[in-house]
Each structure stands twice: as structure tokens, then as C-alpha cells.
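Enquirer: Starting off with a structure, shown below.
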Amino acid sequence: MKTVFSLMASAVTATFMSAALAESMLPWEDDGVLLGGTTAAPAGELSKEALDQLIEEGETLFVAKFNKREGAGRPGATQAIIPTKQRHLNDQQFARLAGPDAQACSSCHNDPVIGGAGDFVTNVFVSEGFANANFDTSDPQFSNERGTNHLLGAGLIELLAREMSAELVKIRNDALHKAATEGVAVKAPLVTKGVSFGSITALPDGLVDLRKIDGIDTDLVVRPFSQKGVMTSLRQFTVNAMNHHHGMQATERFGTRWTGEGDFDADGVINELSADNISALVAWQATLRVPLEKVPENAEWHAAATLGKEAFKSQGCADCHRTELPLTSLKFNDPGPFDVAGTLNSQQVEAPAVYDLALLEWTQQLPRNENGHVLVPLFGDLKRHTMTDRVNTLLGNELLSQRFVGRDVFMTSELWGIASTAPYGHRNDFTALDEIILAHGGDARTSRDAYAAATREDQIAIIAFLKTLVIE
Amino acid sequence: MQLRLLLNLTSLLVFSNIAAAEPVPFDVPHMVEEARQAGVNHAYTGPWEFFVGGGVASFDCNGDRFPDLFLAGGKNPAQLFVNQSVAGGPLKFKQQALSLSQKHLTQVLGAYPVNFNNDDHTDVVVLRLGENLFLQGGPDCTFELANNGLGYDGGRDWSTAFAATWEADATYPTLAIGNYVDRSAPGTPWGTCAAGEFLRPSGTDTLRFDEPFLLEPSHCTLSMLFTDWNKSGQPALRVTNDRQYYRGGQEQLWRVDSNRPPRQFSSSQGWKRLRIWGMGIAEADLNQDGFPEYALSSMGDTMLQTLDPDADEDRPTYRDVAYENGVTAHRPYTGTDLKPSTGWHTQFADLNNDTRLDLFIAKGNVEAMPDFAAYDPDNLLLGGLDGSFTETGEEAGIALDTRGRGGAVVDLNADGMLDLVVVNRHTNTSVFRNQGARTDWGHRAMGNWLALELKIPKTNVNAVGARVSVKTGNVNQSRTVQIGGGHASGQLGFIHIGLGVAERASIRVQWPNGDWSHDYRVFANNFVQITKGQDEALYWYPRQH
């Protein structure tokens, strides 16, 4: 059995190999980073030094402009999450709709820092990718257009989601146990970290009625990523995005184990991204610092923001944009427990890597509650909500549902960093905070109306408060 | 109408060199035999009459949704093993006494579960040397002999095959029983095959099977299966027969029109004469064209039949594509014995959850036939991307020196990975637990999966005849709920579908009356119940303790 140390060593070696190769390259050589050369993902709890090295490798990959020699492009494969062949080889390197549509992750995630959000020009087009539509059109009947989210604090978001999923699963198991023991149907409210996801009814024979769940998938897994809230983990999102946006295919989904081919996308490069590469990318994203609630130096702004934060709560905005959610543990396991085959998960490896985010300086600044839980200031609830109604359809522009989620249902946007990431809305088509607030409908109708009915001073105060949520 | 098959067949017609097979790049399930630890002590024995048979019925008899096992014993008594496993745990069974006479418990060759009276308990049809038994299921795995109440005299034949279907809007099932050699006929056993029986329920208010129709001619049948071979919605009866004893016989397909006796398809109707030592039938739509393929186990080559380009909707012409697809399984794949194999139970199932159906074949010398392999390990042929199959029995761990007969590929511990039961002659039944793919550090989970339970209120409660279509991305998989086939072995319970890397799936059901359901959208790695007429699927969670 490999020891944790030897597995850690392999990760470190990979990092050094990248550096060594980079050093041996001539400045004008058109090669990028070393890819696919190692297959062992890190395992066990990493030391600060090992974690730092992995993060560095991840950043290298995040900003790398992948080229054809490294495997960029996918002439033989579509952008689909499930490996899907093109009907005809597509020799176009880039395509705006079906992708690949970027040479680097940082091509879009760069505002105001690497890993940040992107302007309207960086919008991506989400379609299932099974229809082999190679033509380029942004007509919404073919895809949903989405803005680029920032990734800061993503590690804490995933940890919150994992803890919530685990608690919901426990609620389900407890209800099933009680139903079986007492021989009666048991209705169980699905409440975790103060967020309600409706209820389930467990029956004595082990069946579960899921008709009353709210804002979550039927497997009770909180999927915190994407505007739609349909991606489980940074790892899953990374594997998806590397294929979609760059044509860089991860072996853990596109390799021979599942597709029978080392070069599924038929671009002449085999095993483009190893599990180690994906781990490095995950490590970098998971350890990105969180945005801040900045105290304005301007006294007038400070006063307005203070009033605005209270109004934000009293008008019901914080019902969904929860100012904070408590997190029990800062240990980030990768691969994680809730991914399924196709994304490396904890059942597929001897031991996941453990990144102790408490080793990072920025986590030590986060407030804690009386139980010692970290209070994650995300301004979100990790729940999906209906965002349109009969009166207000401004956020109802999409025509396609995504991964079983209705077209006008979206994940509550985490507002941390919102002052630094205009434009707003899932399509990035609102230029000001006032506009996006007034665009809310559906589940947010009451608080939106409260804002609309508020005095101009109160409205300005809320904006002043939101402008303190910055990425620096 | 000429069936457009050529295009579809191209995916099947891939040459596969069995001798030079490369290791598969896919997960090979590690099957660990743990019958005795699981509490299953049972062997199938007996003289010549029990060289065939040795079946197992796999079904839930106590309402906990874990499959229980009814094992034929031949000269030994049949036994019922109640499943006490927990989700993902070691297999655990407890033998439970059957309230049947010693006479009825012995001379059992096979068993098939079927809910013939549409109540809450699955019933069992027991095939015997002599009187067959219709056992009406009750609570907690109790059974009551129902022959008299059903007007069925049980016969005196050597019964070796069974199939059931619900015709059109019938309340009760139509049954078929296949019989082997007529031991009382002059010149027996050569050329003296006993006729099979076709049993339509008589009356509507009270279930009776008192008007049997004899399937003549019959040719020493060893497996039968109602099948919708031409997508007509009308069942036909596919029968495989043992050429060892018949004279002038062949494989058969009976046309089953409502309210008419079955009629055998003839050569003038496109049915090609085929003579094999037919032991078992497995059905699957391997190329997803809506028309099923059939694997037929035999002595020597296994057949894989697909519709020929000359076929049309009234013309069941088949051709064999076993060689092209690498499923002939004609001799042992390991060891030094190069004599022909003897195949028995056969079943398609996705054992590694990669979305592609695999083929299991139980193997074993009839008794001491010198011209056939003595060491004849069971086959596990993993389905590949190009339609071909690759033998992995040895790597999987099922290449035991046993004489397999009946079997069941079924998830015994509700962990989403199919396990395996093989009834052996003389030696203990094999019960293999699928532990996932072996690695140098242990076992890892394989692909994603779904397990699906279909329900219809009041009539045909297990939805026999329903077709399930599961869509993940561009991949469509289909399954049909059937009772019959295999070798003396049947099963009822969850329908297992491997999903590979798909995280979710859309399910549509074509109910037995032909109606298609809407899409049911479900997440991978769940047990799902779909009830006809209900908008939402329910999830089921197996016991953990």
C-alpha cells in the first residue's frame, strides 16, 4: 500500500517536473506546461509546503494558454459532460457557442483578479452538447447564455454544500429509520444551516416521497456551482469546463476506462489532463481567498452602508442572500464524497487528499460563532429559487432547462465580491445593482417590492452596503 | 415492410479474435465467492433426470425488496434462502423451511417467480420431475400449494422450462411450460419429447388454468421466453430445444395471437431451421434498434441471433452473429482442456455499470461426457464499445471448477453492483459478491447505475412485458420486463441499468398495454420506483443495519 508520504511525494514531483521542464524550455518555444505526465493524484493531508506547491501548479494551469500540442481543441468530441463524439470532425479550433471558446481559464475569470468574474464579452453558452450543433449562433433556442462567475471563496462554498448535503442525507436516514421502526409514514423537514429545502416523507418500507422538496435535487445533494446550481464540486466543474472551453480532456472521464480511447477527442494528444492536473486546479480554486466586506473610509458611505445592511435584512434580501452560513470544518477533501463516477470521487481512490484551509492566512481572519464554526460571509443560501413571475420576467430569458432544473430557476447568487464583478444577472446583462434588484421576481417578489417601495435614501443605503462587498 | 437492419448490424459485426483478446480497458468486476459465509448450503444432485435443470428463482418474498432465493435441489430438497444482507454489506442468507411435503420439495428442476394472482405477494411456479407446483405467495415468505384452486393438475412430465406474459388487457397471465423427454414413450429417450403446455387463464373473476393447450410438436425444450420479436406489441413464444434427444426437431418460435391457439412459425414464413443443444435463452436489444437479439446457450458454440436483412415484420428470419461478436464461448477460456464447452443458464446484464450489456453463461459438463470439457468455467463476457465481447471470467474470479446449471445475475446486497448466483451440480451453489474493480489498494466503485422497480396497480403488478428506455446523453438503453428464459431460472425485482459516467438519466416506460409514460428524471445511483399513473418517481433506500 502506498503511504500518504509517497503519494504526497508524487504530487510534489509532478510540480517539480513542471518547473524543470519550464526551465529547460527556450523562451520562444511554443509549449506550455507539462500535462498528463503523471497519473497519481495527491493523497492524505498535505503539509503547508506541499499544499503551496500544488496551489502553484494549479495557478500555472489556470492561467496557461493551452495549445494544440498540449491537446487544446476537440475536433472529435462535443462539449457534452458525458463523452460524446462529433458526428463529423470539426476542424474549427474555437467556436463561440459550442466551444472551445477560450485558450485559458483566466481568459474569462480575470475581473478584478485572476479567478475573478468576467464582463459580458466572456459569457458562455450552455447547452447539453449532445445535438452536435456546430453552427455558431447565440439564439436562445440553442443554448442558455451565462455570465462568468468569480471563484473566490469557492472552497468554502463547496465545504458548506458538502456539510449541508451530509446533514440532509442524515435527516433522510433518520426519517427512514423512524418510519421503519414505528411502522408509520414520517414527514421530515429538510432544514440545514437554517436553510429549508422543503420536506420529504419516508415510508415504512424504505420508499421516500420527494414531491415536497424545494430548491434541491431529488438525491438531496446541494450542488452549489454554476448560475443554475447544478454542479456538485470544483472537480466536476473543472473537468466539464476544461473540455467545454479548451478541449482539454481529463482522463478521469474521457480516458480509456470509460471511452476505450486515450485520445477521445481525436486531436492527436492522449491523456491530456491527468488526475494530478485536475487536483492541482481544484487545489488552487479551493484555496482562493474570500471576498471582503470592506469598511469604507468615507464616513458618509460608512454610515449609509451600516443602514443599508440593516435594510438588506429587514426587506427580506437576506432571507436568500444569507449574510453568513456556519462551517464546521476547514478540511477540504479532494476528491470529494458527493461526486459520482466520471468525476473522481472518494470511493475511487485509496485516500483523498486533504487540504487544511486553516493553514491559509486568510481563513484565520474569518469570524467564528460560539461553537467555533467558521462564519462564511457568502451572502447566499446555496438553494435554487424561481426568479420570475407573471409580472416580472426579466430573469426569464432562457428557453432551455438545464439538468432537470426549470428555465426560470436559478441558484441564489452569492453576493460576496459583487461590488467588483459587474455586470450582473445570470446573463451579465444588468449594468447596475439597482437594475438587478428590480429584476427579481418569483420567490424574491416580496423583498424586491419592499426595495421598490422603500425611500430613495433606503435604496441608496442598500446599494452603499452592497458596494462594500469587494474583491481585493 | 422490409426491416432496415443492415445499418444497425454494422455495430455488431465486429470481428473479435477470442484467442488473442487484449485485456479490456474497462472495469472488470471482482466477483468473490462467499456462499458458505453467506449461509447458503445447497447442491443440486440426482441421477440422469437431473443432469438438466438446477434452477434458482430470485425474487422478494417478504416485502423488504432484497432478493430471496428459491433453489432447486433435484434429488435434494429445494430450499428457500431469505436475504438478510444490508446495503453494501457481506451477503447473508437464512434458510427458511417451506411448508411443503417432502415429496413436493424433491425432484425440483427449476423455479420462476410470477405474481399470477396480482396480490401483494409474489408467487412461484416450481418445475418438477412429475407434478409441477403453483405456489401462492403469502406474507413473510410463506407459500401455499395452489394447484387445486387454480384447476391445474401439475402434470406428470419432466418439466424444464417456463415463461409467462400478460396478453393484451388480460387480468391474469398466460403461461407456457416446456417439457423434456417423455420417459414412458416407446424407444425413450431418443425421439420421445413430451409436448409443452400453453395455459391461458380461463374465466375473468376466478383465476383458473384448467384448459391447457399442448404445444405440438415439442422438441425436448430446455428454455422458453415470451418475446416481442417484431415490435408488434404481440408476444411470441421463443423456445430452445435439446437436439440430444429429439428427432426431426429444431428451434421454435410460436406466434401467439389473442384468443387463438399458438401457431408455430414455419420455414415458408421465414423461420430458419436451427438445431442446437439449446439450454438457455437470454434476450437483449444489443444494437438499440428495437428488435431483440437472443443468446442461446448450447454444447459447443453459443449462438447470438439477430434479425437477418431478409426478415420483415411477419418473417422471423435470424442469423448468427456470435463469432463476429466474440460470444461463441465454445471452449474453456482457461486451463488445458480444449474440448467443447457445455453452456446452461445465460443472461445479459451490465455487471460493471459501463452502460454496455455483458453476457454471463453458466458452464458445466452434463455429467461425465468424455467429448466435452470436464473443467468448464462459467463465462463473463464484457460488452465493448464496438459491440464485441471480451471474456473476463478468470480475471473476475468466477472460473471455478464447478458444473454450473441455473443462475441469476442480481444485486443481492443493494449496493448497485450485480452479484451472481450459480446453482452447481453436486457441489455447493456459488454465490459471488461483486466488490467492484480491483486495484492495488483495494476495490473501487465502478460506473453509475440505476435500479428500477415498475408497478401497475391491480393487474400485472410487476409490469411484465413493459419496456424501459433510459436516456443519458446520446445513449439510449432499453430493458424489457420478462419472466422466462435462462436455464430453469427466473427472477423478478429491480431492473438494473448501468449509467457509466452519467450523473442523471431520463426514463420512459412503455407499459404492457403499449402506452408510453412521460419522462421520469432521476439521479444516478438510486433505487427508483415508478408506478403507472403517478407523475413522480419515488426513491427506495435499502436497510443499512
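Enquirer: Send over the Kirkwood Rh of segment A:360-472, from the inverse of the averaged 1/r over different Cα pairs, rounded to one decimal Å. List each step's numbers first, then the result.
Expert: Working: mean 1/r = 0.0634 Å⁻¹.
Hydrodynamic radius (Kirkwood, Cα only) of segment A:360-472 equals 15.8 Å.
Enquirer: Mind jotting down the three principal axis lengths of segment A:155-209 based on Cα atoms? Whole angstrom, largest first.
Expert: 41, 15, 14
Enquirer: If contacts are Cα pairs under 8 angstrom and at least 6 residues apart, what is the relative contact order of segment A:155-209 in percent?
Expert: Working: 73 pairs, mean separation 16.7, N = 55.
Value for segment A:155-209: 30 percent.
Enquirer: May I pose another question? At what distance in nm do the modelled label points of residue A:358 and residue B:441 sit from each other, each positioned 7 Å from its Cα along Cα→Cβ?
Expert: 2.3 nm
Enquirer: Report, in listed order, any pair from A:85/A:228; A:309/A:383; A:193/A:313 with a Cα-Cα distance greater than 24 Å.
Expert: Cα-Cα > 24 Å for A:85/A:228; rest within.
Enquirer: Based on alpha-carbon centroids, what's the gap between segment A:206-245 and segment B:524-545 in Å, whole number please?
Expert: About 19 Å separates the Cα centre of segment A:206-245 from the one of segment B:524-545.
Enquirer: At q = 0.07, 0.08, 0.12, 0.13 Å⁻¹, what log₁₀ I(q)/I(0) does chain A have when each alpha carbon counts as one equal point scatterer in the Debye sum?
Expert: Listed by q, the Debye log ratios stand at -0.37, -0.49, -1.12, -1.30.
Enquirer: Hey, another quick one. So if R0 is 41 Å, what FRET efficiency would residue A:187 and residue B:144 give, r being the distance between their Cβ atoms, rounded to the nearest 0.05?
Expert: On the way: r = 38 Å, r/R0 = 0.92.
Calculated transfer efficiency: 0.65.
Enquirer: Give the average over all directions of the projected area of the C-alpha convex hull of segment A:262-386, one decimal, in nm². Each step should come with its number before you reach the end.
Expert: Working: hull surface 50.8 nm².
About 12.7 nm², averaged over all directions.
Enquirer: Explain nothing, just the number: relative contact order of chain A, from Cα pairs under 8 Å at least 6 residues apart, as a whole percent. Write down the numbers at each step before the final one.
Expert: On the way: 976 pairs, mean separation 89.1, N = 472.
It rounds to 19 percent for chain A.
Enquirer: Report, by chain and number, residues whose modeled amide H sits under 5 Å from the one on residue A:376, excluding near sequence neighbours (fewer than 5 apart, same chain).
Expert: For residue A:376, whose amide H was placed from the backbone, the distant partners under 5 Å are A:325, A:327.
Enquirer: Are there trypsin sites (Lys or Arg not before Pro) in segment A:310-391 that DSSP marks as loop and that have at most 10 other Cβ atoms within 10 Å, and which are they?
Expert: Numbers: sites: A:313, A:322, A:331, A:368, A:383, A:384, A:390; in loops: A:322, A:383, A:390.
Here the trypsin sites (Lys or Arg not before Pro) that fit, given the DSSP loop and packing criteria, are A:390.
Enquirer: Between the DSSP loop rule and a limit of at most 15 other Cβ atoms within 10 Å, which chymotrypsin sites (Phe, Trp or Tyr not before Pro) in segment A:120-182 are left? If you can, show how the numbers build up before the last one.
Expert: Numbers: sites: A:120, A:125, A:130, A:135, A:142; in loops: A:130, A:135, A:142.
When the chymotrypsin sites (Phe, Trp or Tyr not before Pro) of segment A:120-182 are filtered for loop state and at most 15 Cβ neighbours within 10 Å, A:135 remain.
Enquirer: Additional query: Counting only other chains, and only Cβ atoms inside 10 Å, what mean value do you get across the residues of B:25-33? Walk me through the numbers on the way to the answer.
Expert: On the way: counts 8, 5, 3, 0, 0, 0, 0, 0, 0.
Counting other chains' Cβ atoms within 10 Å and averaging over B:25-33 gives 2.
Enquirer: To the nearest 10 degrees, how steeply does helix A:299-314 sit against the main Cα axis of chain A, on a 0 to 90 scale?
Expert: 80 degrees
Enquirer: Could you sort the peptides B:483-492, B:256-265 by per-residue average Cβ neighbour count (10 Å cutoff), highest mean leading?
Expert: Values: B:483-492: 28.4, B:256-265: 14.1.
For the peptides B:483-492, B:256-265, the packing ranking is B:483-492, B:256-265.
Enquirer: Where does segment B:187-346 land on the Kirkwood hydrodynamic radius, alpha-carbon pairs, in angstrom? Don't skip to the answer; put the middle values down first.
Expert: Numbers: mean 1/r = 0.0592 Å⁻¹.
About 16.9 Å for segment B:187-346.
Enquirer: Here's something else I'd like to know. Per residue of segment A:329-341, what does 6.51 cos²θ - 1.76 cosθ + 1.60 with θ = phi - 60° give for ³J(HN,Hα)? Whole Hz please, x for Gly and Pro, Karplus curve as stated.
Expert: Along segment A:329-341, the couplings run 10, 9, 7, 9, 8, 9, x, x, x, 10, 6, 10, 3 Hz.
Enquirer: Give me the tail of P(r) for the protein assembly as shown as a percent: Cα-Cα pairs with distance above 37 Å. Before the final figure, lay out the partial values.
Expert: On the way: 273287 of 516636 pairs.
Taking all Cα-Cα pairs of the protein assembly as shown, the fraction more than 37 Å apart is 53 percent.
Enquirer: For peptide B:469-477, what's the mean number of Cβ atoms from other chains within 10 Å of each residue's Cβ? Provide the component values of the computation, followed by the final result.
Expert: Numbers: counts 0, 0, 1, 2, 9, 12, 3, 0, 0.
That average works out to 3.
Enquirer: Still on this model: Could you give the angle, 0 to 90 degrees to the nearest 10, between helix A:275-286's Cα long axis and the longest principal axis of the Cα atoms of chain A?
Expert: So the helix axis and the longest Cα principal axis differ by about 30 degrees.
Enquirer: Starting from the 7 Å offset along Cα-to-Cβ, what nm value, one decimal, do you get for the label separation of residue A:303 and residue B:96?
Expert: The two pseudo-label positions are separated by 7.9 nm.
Enquirer: Take the Cβ-Cβ distance between residue B:536 and residue A:93 as r, set R0 to 45 Å, and report the resulting FRET efficiency rounded to the nearest 0.05. Could you put the intermediate results ahead of the total?
Expert: Values: r = 45 Å, r/R0 = 0.99.
My answer for the efficiency is 0.50.
Enquirer: Translational diffusion coefficient of chain B at 37 °C, 0.692 mPa s, Stokes-Einstein with Kirkwood Rh over Cα pairs, in µm²/s as a whole number.
Expert: On the way: Rh = 22.9 Å.
The calculation lands on 144 µm²/s.
Enquirer: Right, another one. Once you've got the Cα coordinates, tell me which of A:170/B:94; A:178/B:532; B:272/B:532; A:187/A:467; B:272/B:363 are over 32 Å apart. Intermediate values should be presented prior to the final figure.
Expert: On the way: A:170/B:94 30 Å; A:178/B:532 28 Å; B:272/B:532 39 Å; A:187/A:467 42 Å; B:272/B:363 27 Å.
Distance filter (> 32 Å) returns B:272/B:532; A:187/A:467.
Enquirer: Can you give the Rg/Rh ratio of segment B:382-430, where Rg is from the C-alpha atoms and Rh is the Kirkwood radius? Intermediate values should be presented prior to the final figure.
Expert: Working: Rg = 12.8 Å, Rh = 12.5 Å.
Result: Rg/Rh = 1.03.
Enquirer: Using every alpha carbon pair in segment B:127-246, what percent of pairs falls into each 10 Å bin from 0 up to the bin containing the largest distance?
Expert: Going from the shortest bin to the longest, the percentages are 14, 40, 33, 13, 1.
Enquirer: Can you run the Rg to Rh ratio on segment A:391-446? Use alpha carbon positions and the Kirkwood inverse-distance Rh. Walk me through the numbers before you get to the answer.
Expert: Numbers: Rg = 11.6 Å, Rh = 12.2 Å.
Radius of gyration relative to Kirkwood radius: 0.95.
Enquirer: 7 Å from Cα along Cα→Cβ at both residue B:275 and residue B:336: what's the point-to-point distance in nm?
Expert: 3.6 nm
Enquirer: Let me ask another. Can you tell me the orientation of helix A:4-24 relative to chain A, as the angle in degrees between its alpha-carbon axis and the longest Cα principal axis, to the nearest 10?
Expert: Result, in degrees: 70.
Enquirer: Same structure again: Provide the descending list of Cα extents for segment B:30-124 along its principal axes, expressed in whole angstroms.
Expert: 40, 36, 23
Enquirer: When only C-alpha pairs under 8 Å and at least 6 residues apart count, what is the relative contact order of chain B, in percent? Can you show the working numbers first?
Expert: On the way: 1644 pairs, mean separation 93.1, N = 545.
Relative CO of chain B lands at 17 percent.
Values in this text are rule-based calculations from the coordinates and carry no lab data. Quick caveat, the model's predicted, so the values are computed rather than measured. Neighbour counts are summed over all protein chains in view; Cβ atoms, including those assigned to glycine, are modelled from backbone coordinates with ideal geometry.
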